[in-house]
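Encoded as structure tokens, the structure appears first; notes follow it.
Here, each number is a calculation from the coordinates, and none is a lab measurement. Nothing here was measured: the structure is a model prediction, and the numbers come from that model. Neighbour counts are summed over all protein chains in view; Cβ atoms, including those assigned to glycine, are modelled from backbone coordinates with ideal geometry.
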Amino acid sequence: MPVATSGLHHVTAIGGDPQRNVDFYLRTLGLRLVKTTVNFDDPGTYHLYYGDECGRPGSLLTFFPWRGVPGGRRGAGQATTTAFSVPEGSIGWWKQHLEEAGVETSGVRTSDGEEALSFRDPDGLAISLVAHPQGDPRDPWDTPQVPAEHAIRGLYSVTLSVHSEDATAGMFTDGLGLRFTGRRENRLRFEAGDGGPGTIVDVEVNPGSPQGLVAGGTVHHVAWRVPDGATQRAWREELVGKGVEVTSILDRQYFRSIYFREPAGTLLEIATEDGGFTTDEPLLELGKELKLPPWLEPQREQIEAVLPRLHLPDENNPDVAANVAEREGASE
Ligand code: ZN
């Protein structure tokens, strides 16, 4: 087997109104918009990337937001919950913060030392915040609304719903090199690499559940990370050799991707860790302007004409004004 994945790279979901999406993920959840671009396969739609300061792999939740998109249905063959990692002792703060923002939350559930709080985003996407006593060393993004001491550290896990477990479990262990690390009732846990936050997939067996429908408020796909293109190519060959239908390697500008489905139907991706979001704009300016890949740049005018304008809070690019003033001061 080629190098196994060390964990999640990103989760991509379908949202509704893009401005409402930005406001929720920046102001309410305290993430940073690290890239404003378009869906490369459908350039009339935004592709918004949220993550930590520089959008490290494993911190990213991304959206294709469409105004008026019909709602999807959570169900089998789908990633039904996306969980973020927060510090131990922060769940109470989050419950109050979300309720003050008008977001209805679940009770706090505790299992195997994990504390979890669940809620829906404005389009109905199911999100959990999970605090684990083992901690999470990843640096958070710091905003006035969500201070660093409580802020999201990155993805914690995804939950996939299936009618029966065997084939999906086989894909995760034999196909992606994850380890089976435990079962609790109808939930099987698999972890990548060293395990812990950002490496976990829970497979929930729900034999009677309806088949999921991917549309507004649902996850489109779940991406796993590999260090580079050579590993990705080796992996692609391995999957193809096992009879899995895999796309060709696609240039996503900030990483390269291949896509395939696990046996229950959830779309998976393997994305490279090289590249990154500072390839086409400086760290301080991430997310501020619409970025297009070189092959779509000639169509910028038409693309901008159909996309609704987005307004970002200043804190998404907090040092830009100060930094520009400093540069101008230095050149005088
Ligand atoms: Zn993706």
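Per-structure values
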item	result
FRET efficiency estimate (nearest 0.05) - Cβ-Cβ, Gln145 to Asp194, R0 25 angstrom	0.20
Arg256 long-range amide H proximity, modeled H, under 5 Å	Thr272
For region 56-72 versus region 183-242, the gap between their alpha-carbon centres in whole angstrom	17 Å
The chain, helix-only ellipticity at 222 nm - DSSP H runs n ≥ 4, -39,500 (n - 2.57), divided by all residues, nearest 500	-4500 deg cm²/dmol
Cα gyration tensor category, rounded, prolate or oblate, for region 1-70 with a/c compared to 1.5	oblate
J(HN,Hα) series, region 146-160, from Karplus relation 6.51 cos²θ - 1.76 cosθ + 1.60, nearest Hz, glycine and proline x	10, x, 3, 4, 10, 5, 4, 8, x, 5, 9, 7, 10, 10, 10
For region 8-279, with +1 on Lys and Arg beta carbons and -1 on Asp and Glu, the positive-most of Thr82, Phe63, Phe40 along the dipole	Phe40
Furthest towards positive pole of dipole, Thr247, Pro294, Pro313, structure part region 189-320, Cβ charges	Thr247
Amide H within-cut-off set for His221, under 5 Å, with H built and near neighbours excluded	Thr12
Gaussian network model of the chain, springs between alpha carbon atoms under 10 Å - residue of Pro263, Pro210, Pro298 with greatest fluctuation	Pro298
Three-way shape label, region 245-284, alpha-carbon gyration tensor, a/c 1.5	prolate
Rounded to whole Hz, the Karplus (6.51, -1.76, 1.60) HN-Hα couplings of region 254-271, x for glycine and proline	9, 5, 10, 9, 10, 10, 7, 10, 7, x, 7, x, 5, 6, 10, 9, 10, 10
Given charges at beta-carbon only (K, R positive; D, E negative), |dipole| of the chain in Debye	940 debye
Theoretical gain in end-to-end length, Ala230 to Glu53 [0.36 nm per residue, Cα-Cα removed]	61.0 nm
nm² value of the averaged projected area, convex hull over the Cα atoms of the chain	17.7 nm²
Dipole moment magnitude, nearest 20 debye, region 31-119 about Cα centre, only Lys, Arg, Asp, Glu C-beta charged	320 debye
